[in-house]
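Visitor: What follows is a structure written as structure tokens; I'll ask about it next.
Readers should treat all values here as calculations from the given coordinates under stated rules, not as data from a laboratory. As the structure is a prediction and not an experimental result, all values here were calculated from the model. A quick note on method: Cβ atoms are made from the backbone with ideal geometry, for glycine too, and the neighbour counts reach across all protein chains shown.
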Amino acid sequence: MTQDSYIPPRVWQWEQASGGRFAGINRPIAGATHEKALPVGRHPLQLYSLATPNGVKVTVMLEELLARGHQGAEYDAHLIRITEGEQFGSGFVAVNPNSKIPALMDHSVDPPRRVFESGAILLYLAERFGDFLPGEDTARSECLSWLFWQMGSAPLLGGGFGHFYAYAPEKYEYPINRYAMEVKRQMDVLDRHLAEQDYMAGGEYSIADMAIWPWYGALALGRLYDAGEFLDVGGYTHLRRWAERIDQRPAVQRGRMVNRTWGEPAEQLHERHEASDFERRTQDKLEGGA
């Protein structure tokens, strides 16, 4: 495939019509576009999110903490519809000036504390509750190294491969090949590592797994960008074994549902305010409702 060479202008100008699917959520300036306060539920932890891979990281962590008996991890998960620009409301921008989900407010402290960026939220919760972050120095360093590996690598999977392969208005050979090559290299990194480890930080499930699984686990399970065959994900046997093991965890299955507005209705829980919300969702499924 060939294409006309692009000659960059002397001064770049924003053309709002370009960008393909999700173009409306991107702009070259920051700040709020409208006044809108955020809802606040009754629990100390207030999450404002959507069930993208970055959002799933945090809901999985919260559900895992609750499964471990940390009652202080009870939370309200409020839906932020990014395609409708809700992340540009004044209340959300006050929690995350970068206008990206997820964002967390901790009302257990005075004044309430904001935490944004998914990796920072995972680390904050792990340290606050003393769980899912190894205490031994070597294992802790390994966990944090893989956590930050994910934060640096996933944009090449999402904003790079995912955009040009699945969402761009036109498909071009060069960017798809470039990012497909990098994603396959990343998957090989993970596959080689997991050939010798049960989990990312060794023998203990941690926030490193919770960070990596919604992206690369979903890719290995064929759930991301409908790209499983294109990337030959079945060849990464150790990565897939790890992905399947985590996929079976009940807390992961619950966390994956929260703030989800697409896919099978039985797998969606638009907002989560009580643990019983999952029971009602299950009952709806049994009764054939949405």
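Visitor: Under a Cβ-Cβ cut-off of 11 Å, what is the net charge of the residues other than M200 that fall near it, where Lys and Arg count +1 and Asp and Glu count -1?
Guide: Working: positive: none; negative: E142, D198, E204, D209.
Computed value for this residue: -4.
Visitor: Separation between the R192 and S141 pseudo-spin-labels, each 7 Å from Cα along Cα→Cβ, expressed in nm?
Guide: Each label point lies 7 Å from its Cα, and together they span 2.0 nm.
Visitor: Next question, about the same structure. Per-residue ellipticity at 222 nm for the chain, helices alone: DSSP H runs ≥ 4 residues times -39500 (n - 2.57), over residue total, nearest 500 deg cm²/dmol? Write down the numbers at each step before the final one.
Guide: Working: 9 runs with 111 residues, N = 290.
Mean residue ellipticity, 222 nm, calculated: -12000 deg cm²/dmol.
Visitor: Continuing with this model, one more query. If you take the charge dipole of the range 137-249 about its Cα centre, with +1 on Lys and Arg Cβ and -1 on Asp and Glu Cβ, which of L144, G222, I176 is farthest toward its positive end?
Guide: I176
Visitor: Starting from the Kirkwood radius over alpha-carbon pairs of the chain, derive D by Stokes-Einstein at 25 °C in a medium of 0.890 mPa s and give it in µm² s⁻¹. List each step's numbers first, then the result.
Guide: Details: Rh = 20.2 Å.
Taking Rh from Cα pairs, D becomes 121 µm²/s.
Visitor: Apply the Debye scattering formula to the range 137-249, with a single equal point scatterer on each alpha-carbon and no solvent, then give log10 I(q)/I(0) at q = 0.15 Å⁻¹.
Guide: -0.61
Visitor: Which value, in debye to the nearest 20, gives the size of the charge dipole of the range 107-207 about its Cα centre, when Lys and Arg are +1 and Asp and Glu are -1 at the Cβ? If you can, show how the numbers build up before the last one.
Guide: On the way: 9 positive and 15 negative charges, 88 e Å.
About 420 debye.
Visitor: When DSSP beta bridges are limited to those with both residues in the chain, what percentage is antiparallel, rounded to the nearest 5? Walk me through the numbers before you get to the answer.
Guide: On the way: 10 of 17 bridges.
So the antiparallel bridges amount to about 60 percent of the total.
Visitor: All other residues with a Cβ under 11 Å from the Cβ of G89 taken together, and with Lys, Arg as +1 and Asp, Glu as -1, what is their net charge? All intermediate terms of the calculation are to be shown ahead of the outcome.
Guide: On the way: positive: K36, R81; negative: E35, E84, E86.
Net of charged neighbours comes to -1.
Visitor: Let's see if you can work this out: charge +1 on each Lys and Arg Cβ, -1 on each Asp and Glu Cβ, no other charges. What is the dipole magnitude of the chain about its Cα centre, in debye to the nearest 20? Could the numbers behind the result be given before it?
Guide: Details: 30 positive and 39 negative charges, 99 e Å.
Charge dipole, the chain, about its Cα centre: 480 debye, nearest 20.
Visitor: Full extension from T237 to R81: what is 0.36 nm times the residue separation minus their Cα-Cα distance, to one decimal in nm?
Guide: That works out to 52.6 nm of additional length.
Visitor: Working out 0.36 nm times the residue gap between R10 and R114, then minus their Cα-Cα distance, what length gain in nm do you get to one decimal?
Guide: Numbers: separation 104, 0.36 × 104 = 37.44 nm, distance 3.96 nm.
Result for the pair: 33.5 nm of gain on full extension.
Visitor: For the pair R178/R27, report the inter-label distance in nm, with labels modelled 7 Å from Cα in the Cβ direction.
Guide: For R178 paired with R27, the spin-label model returns 2.7 nm.
Visitor: Gain in length, E274 to R185, computed as 0.36 nm per residue apart minus the alpha-carbon separation, to one decimal in nm?
Guide: On the way: separation 89, 0.36 × 89 = 32.04 nm, distance 4.07 nm.
Going from the current span to full extension adds 28.0 nm.
Visitor: Write out the GluC sites (Glu not before Pro) in the range 114-186 meeting two conditions: DSSP loop, and at most 12 other Cβ atoms within 10 Å of their Cβ. Could the numbers behind the result be given before it?
Guide: Values: sites: E117, E127, E136, E142, E170, E173, E182; in loops: E117, E136, E170.
Here the sparse-neighbourhood loop sites are E136, E170.
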